[in-house]
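**Student:** What follows is a single structure, and I will ask about it in a moment.
The values are calculated or read from the model by the stated rules, or taken from the named source; none is laboratory data. Bear in mind that the values here come from a model prediction, so they are computed numbers and not experimental data. Because the Cβ atoms are built from the backbone with ideal geometry, glycine has one as well, and the counts that use them run over all protein chains shown. In case anyone asks, the SASA skips ligands and DNA or RNA and just uses the protein heavy atoms, side chains included. Shrake-Rupley method; radii C 1.70, N 1.55, O 1.52, S 1.80 Å.
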Number of protein chains: 2
Amino acid sequence: MKIAIDAMGGDLAPHAPVEGALAAAKEWPDTQLLLVGKPDVVQPLLGSGRPSNISVVEALETIEADDEPVRAVRRKPNSSMVVAARLVKEGEADAMISSGNTGALMTAGLLVVGRMKDIERPGLTSIIPSIDKVGVLTLDLGANMDAKPEHLLQYAMMGSLYRQKVHGISKPRVGLLNVGTEAGKGNELTKVAFELLEQAPIHFIGNVEARDVLERNCDVLVCDGFAGNILLKALEGAGDSLFKVLKAEMTSSLMNKLAAAVLKPSLRRVKQLVDYREHNGAPLLGVNGLVVKSHGSSNALATKNAIRHTRTAIQNGLIAAIADEFGGK
Amino acid sequence: MKIAIDAMGGDLAPHAPVEGALAAAKEWPDTQLLLVGKPDVVQPLLGSGRPSNISVVEALETIEADDEPVRAVRRKPNSSMVVAARLVKEGEADAMISSGNTGALMTAGLLVVGRMKDIERPGLTSIIPSIDKVGVLTLDLGANMDAKPEHLLQYAMMGSLYRQKVHGISKPRVGLLNVGTEAGKGNELTKVAFELLEQAPIHFIGNVEARDVLERNCDVLVCDGFAGNILLKALEGAGDSLFKVLKAEMTSSLMNKLAAAVLKPSLRRVKQLVDYREHNGAPLLGVNGLVVKSHGSSNALATKNAIRHTRTAIQNGLIAAIADEFGGK
C-alpha cells in the first residue's frame with residue numbers, strides 16, 4: 001500500500017513528518033511512504049541510509065497555518081497538501097496524512113479528493129483519549145459548523161463503520177452529545193437527530209454528556225462541528241492547565257520535588273492517558289479517499305501512530321465499506 | 001436585606017442549605033435569611049440556639065431533581081422553590097437561592113419572578129474556576145438552547161454589569177466562545193453575534209477558545225446554552241476524571257502513598273482551583289429579581305458562598321443596574 005505524507009505541514013514540520021515516516025518505513029516494509037514536499041528540504045533530512053520504501057514527491061509550495069483555507073487550496077495547486085490529495089484522487093496513493101492547516105485539509109478533501117456520493121457533509125473525526133485508553137471516536141469536530149440532523153445521522157453511520165473496521169469493535173455504542181441524558185433534551189438539532197438515530201441501523205445508546213466522555217460513555221460520539229470543537233478543546237485545555245499547576249506545585253519546595261520524583265512514573269502514566277499522540281491520525285469521513293488529519297503539533301512518534309492507524313484503515317477497506325453503505329461512490 | 005433559601009433543593013438538602021444558612025446568619029447579622037421548606041424538617045435542623053436573623057417560611061411541597069420543570073412549577077405552587085420565587089416577586093425577599101432542579105429554577109424565574117422588560121431570553125450564569133482563582137463568568141449555560149445573536153448580545157451586556165457590580169472589575173473583557181480566535185470563525189450564530197458585540201458598549205475582545213478558559217482568557221464568556229453546557233461539563237468531567245486516576249496512581253504502592261502524603265497540601269490546592277464551591281452561586285440574568293442557582297451538589301460551605309455572592313449582588317444593585325441598561329423594568 002502507498003501512503004502520501006505532507007512533509008511540510010504542522011508545527012514541527014518538516015522534521016516530525018520525515019522522522020515519523022522513517023520510523024514507520026522501518027517497521028512496515030510493505031508500506032510505500034511518499035513524502036510530499038520541497039526536495040531540497042526533505043532529502044537532506046532523510047540522510048544517506050534512506051529505506052527503499054520511502055520516496056520524495058516534489059511539491060514546491062506550502063500552505064501555511066494562517067492561510068485562508070479555500071483560497072490556499074485554490075491558489076497553491078503545487079503545495080504539499082494539495083499534491084498529496086491529488087495522489088489520493090488519482091489512485092497514486094491509498095491515503096494521505098497531514099498535520100497542516102485543518103481548514104485547508106478539509107477543503108482539499110472536498111475539492112481535490114471529492115465528496116462521496118450521498119454524503120451531504122463530510123465530518124472531521126478524532127479519537128478523544130479516555131482513561132481506559134480505548135478512546136472515543138468523535139465527529140464532527142469542525143468540518144460542518146451548522147450541521148443538520150441528517151448530517152449527524154450520517155456521522156453516526158460512518159463512525160460506526162470506522163470503529164468496526166479500524167478498531168475491531170463489533171457493535172460500537174453510538175452516543176449523541178447533549179446537555180443531559182434524558183430523551184427530549186437539547187436544542188432543535190439534537191432533538192430531531194435523536195429521532196433519526198433511533199431509527200438508524202446502528203447501536204444508538206441515546207444522549208450522552210460531556211462530563212463522561214473521558215470515562216468512555218460511548219464508542220462513537222456524534223455532534224455538530226461547533227459543539228465537538230468546544231468539547232475537544234475544553235478537554236485538552238483542562239488537561240494542560242491542570243498539569244501546569246500540578247507541575248508548579250510539585251517543584252515549589254525541596255520536599256515536594258523529592259516526593260514528585262517518586263511519583264514521576266505515575267504522573268507520566270496519567271499524562272499519557274490524555275495524550276492525543278497515542279491515538280493520533282483520524283480521517284475526514286465522507287470523502288472519496290482516505291484523508292487523515294494528524295494533530296498540528298505532532299512529533300515523529302505521533303506521525304508514526306497516524307501512519308499506523310491509516311494502514312489499518314486501508315487494510316480493512318474503510319472507504320469501500322462506507323461507500324457500500326451509502327450506495328456506492 | 002432578605003434572602004430566601006430553598007431548604008429542600010439539592011443533593012444534600014435539607015442539611016446543606018440549613019447549615020449553610022446558619023453559618024451565613026452568624027457571619028452576616030445584617031442579613032435576614034428565610035429558609036423555605038417543610039417546617040417539621042427544617043426546624044429540628046436549626047437546633048435550639050437559632051440566630052434571630054433566620055426564620056422558616058412554610059412550603060409543604062418539594063420539586064424533585066427529576067421532575068419535568070414546567071409541569072413541576074405549575075403543579076407545585078406550594079413547593080419550596082416556587083414559594084421562594086414568589087417571595088422575590090412580591091418584594092418579601094431581595095433574592096432567592098436554590099440548589100434544586102435547574103430547569104425548574106429557570107422556569108420559576110421566568111413564570112413566577114418574571115422576565116425583565118426588553119430581555120428576550122434570560123441567561124443562566126456560572127463562574128467557571130480559572131487557575132488564577134478569579135474565574136470566568138460564563139453565560140448562557142442552558143437556559144436558552146437555540147440562542148439568537150441578539151440574545152448573545154444581551155448576555156454580554158448583562159454579564160459585563162454583573163462583573164462590574166458584583167466583582168468590581170471596572171472594564172470586564174468580554175469574549176465570544178468560538179472554535180478559533182480569528183474573526184469570521186464559527187457557525188452562523190457566532191458570526192452574526194460577533195458583529196453585534198463589536199458595536200456594543202462593552203469591552204469586547206473577540207473570539208476566545210475553550211482550551212484557554214481555565215487560563216482566564218476573558219472575564220465574561222458569552223455562548224449559547226448548548227455550547228456553554230458542553231463546555232462547563234467537559235471542564236468539570238476532565239477535572240474529576242484526572243483526579244480519579246491521579247488518586248489511583250498515588251495509592252498504588254507504599255512508596256507512592258508516602259510521596260503522595262508529602263504532596264497532599266499541594267494536591268488539595270490544585271483541586272481547590274477547579275472547585276465550583278468557591279465560586280458557587282450565580283444568577284439567572286434577565287429576570288425581574290435575583291434568582292440564584294447554587295450547584296446541585298452544594299454542601300454547607302458552598303451554600304454559604306452562594307449567600308456571600310448574593311449579598312454582594314444585592315448591595316451593589318445588580319438588578320436595578322441591568323433594568324436601567326435595558327430601559328427600566
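**Student:** Only residues that are surrounded by fewer than 22 Cβ atoms within 10 Å (Cβ to Cβ) and more than 20 Å from the chain's Cα centre (by Cα): list them for the stretch B:218-245, please.
**Tutor:** Matches in the stretch B:218-245: B:PHE243, B:LYS244, B:VAL245.
**Student:** Out of (1) open to solvent by 20 Å² or more (accessible area, probe 1.4 Å); (2) touching a helix residue (DSSP H, G or I) at 6+ places or on another chain (Cβ under 9 Å); (3) under 19 Å from B:SER130 (Cβ atoms); (4) not aliphatic (A, V, I, L, M), what's the single condition that is false for B:SER266?
**Tutor:** (1) is the only condition that B:SER266 fails.
**Student:** While we're here: Those residues that are hydroxyl-bearing (Ser, Thr, Tyr) and part of a loop (DSSP other than H, G, I, E, B), I need them from the stretch A:154-211; list them, please.
**Tutor:** Within the stretch A:154-211, A:SER170, A:THR181 qualify.
**Student:** Here's another thing I want to ask about it. Here are A:ALA313, A:ALA300, A:ALA323, A:ALA306: which of them is more than 26 Å from A:VAL18 (Cα to Cα), touching a residue at least 40 places away in the same chain (Cβ under 8 Å) and assigned by TED's automatic domain parsing to the domain that holds A:GLY91?
**Tutor:** From the options A:ALA313, A:ALA300, A:ALA323, A:ALA306, the qualifying one is A:ALA323.
**Student:** Any chance you could count how many residues in the stretch B:177-217 are open to solvent by less than 20 Å² (accessible area, probe 1.4 Å) and aromatic (Phe, Trp, Tyr)?
**Tutor:** 0
**Student:** Same structure, new question: Among the residues of the stretch A:144-168, write down those that are of a type outside the set (Phe, Trp, Tyr), closer than 24 Å to B:ASN178 by Cβ and open to solvent by less than 30 Å² (accessible area, probe 1.4 Å).
**Tutor:** Passing the criteria: A:ASN144, A:ALA147, A:PRO149, A:HIS151, A:LEU152.
**Student:** Which ones in the stretch B:223-247 are of a type outside the set (D, E, K, R), in contact with a Ser or Thr (Cβ under 9 Å, 6 or more places away or on another chain) and more than 7 Å from chain A (Cβ to nearest Cβ)?
**Tutor:** B:CYS223, B:GLY228, B:LEU232
**Student:** Name the single residue that is farthest from the other protein chains (Cβ to nearest Cβ) among those in the stretch B:257-314 being among the hydroxyl-bearing types (Ser, Thr, Tyr) and assigned to a helix (DSSP H, G or I).
**Tutor:** Per the stated criteria, the residue is B:THR312.
**Student:** So which residues in the stretch A:238-249 are of a type outside the set (Asp, Glu) and without any contact (Cβ under 8 Å) to a residue 12 or more places away in the chain, if there are any at all?
**Tutor:** A:ALA238, A:SER241, A:LEU242, A:LYS244, A:VAL245, A:LYS247, A:ALA248
**Student:** From the list A:GLU68, A:GLU92, which one is away from chain B (no Cβ under 14 Å) and either small (Gly, Ala, Ser) or open to solvent by 40 Å² or more (accessible area, probe 1.4 Å) (or both)?
**Tutor:** The match here is A:GLU92.
**Student:** Can you tell me how many residues within the stretch A:192-223 are over 19 Å from B:ASP140 (Cα atoms) and without any contact (Cβ under 8 Å) to a residue 60 or more places away in the chain?
**Tutor:** Residues in the stretch A:192-223 being over 19 Å from B:ASP140 (Cα atoms) and without any contact (Cβ under 8 Å) to a residue 60 or more places away in the chain: 18 in total.
**Student:** Among the residues that make up the stretch B:142-165, is at least one of them modelled with pLDDT under 95, within 14 Å of chain A (Cβ to nearest Cβ) and closer than 22 Å to B:HIS279 by Cα?
**Tutor:** Yes: the stretch B:142-165 contains one or more residues that are modelled with pLDDT under 95, within 14 Å of chain A (Cβ to nearest Cβ) and closer than 22 Å to B:HIS279 by Cα.
**Student:** Tell me yes or no: at least one residue of the stretch B:179-193 is modelled with pLDDT under 95 and closer than 30 Å to B:GLY37 by Cβ.
**Tutor:** Checked the stretch B:179-193: no residue is modelled with pLDDT under 95 and closer than 30 Å to B:GLY37 by Cβ.
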